[in-house]
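Heads up: the structure comes next, in structure tokens.
The values are calculated or read from the model by the stated rules, or taken from the named source; none is laboratory data. The structure presented is a predicted model; accordingly, all values stated were derived computationally and were not measured. Neighbour counts are summed over all protein chains in view; Cβ atoms, including those assigned to glycine, are modelled from backbone coordinates with ideal geometry. For accessibility, only protein heavy atoms count, side chains too; no ligands or nucleic acids. Shrake-Rupley method; radii C 1.70, N 1.55, O 1.52, S 1.80 Å.
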Amino acid sequence: MTRPRHYRLRRRLRLRMPCLTLFLLTLALLFDSTGTVRTGLCCAALHECGHIAAYAFLWHRLPLLELSPFGICLRLRGQPMTRREQLVLSAAGPLTNFLCAALTLFSMEKFSCWSFYGYRFAACHLLVGAVNLLPLPPLDGANIAAAVLPHRLLFLLQSGTIGVSNSLGRLSLWRNFPPNSKRR
């Protein structure tokens, strides 16, 4: 006898490198005395919930999630998308972060309950949303730019962004370790 269709459960979460992922997560939470890692994980989870809600709205089913040491991502291999669908799906995560930050600050203002944790939660949401809007290829900003810009301009934007971030990284290393520095 087969079960009815609504009882079929499919795996919607895939762990990539599960031992390393769980070890790093456990280690980070173990040494998190200030709660910053927990706040960041909560912001990342809400960011992905925005993507999941947009995916469910567009295709009426839940996506496959992949958890790895580098973060949480939606697996969209083989999913045909129009530019509008790509824009909606990519912008949903940062929009969720900015909305959560605004709601946190509004509720602290409305109810006069200012707290350090509320500010940290709002700041973490703003940071996660802003970093994901950078037009670097693994981030949401690259997908938004790909949906909005023509291919030639997209290539120039991404190569310029990578060049600027590379130069800033080298400059920060050079300032910390000048070439002719003598150690005492």
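Accessible surface computed residue by residue for region 41-89, with neighbouring protein chains in place and a 1.4 Å probe, gives 57 Å² per residue.
Taking all Cα-Cα distances within region 1-143, those exceeding 22 Å account for 49%.
How do 86-93, 114-121 rank on mean C-beta neighbours within 10 Å, highest first?
86-93, 114-121
Whenever you get a sec, compute what percent of the accessible area on region 30-154 sits on carbon and sulfur atoms (1.4 Å probe). Of the solvent-accessible surface of region 30-154, carbon and sulfur hold 72 percent. Scoring 43-54, 128-139 by mean Cβ neighbours within 10 Å over their residues and listing the highest first yields 43-54, 128-139.
Restriction of the chymotrypsin sites (Phe, Trp or Tyr not before Pro) in region 77-112 to DSSP coil positions whose beta-carbon has at most 15 other beta-carbons within 10 angstrom yields Phe111. Note on region 35-74: Kirkwood hydrodynamic radius from all Cα pairs is 10.9 Å, rounded to one decimal.
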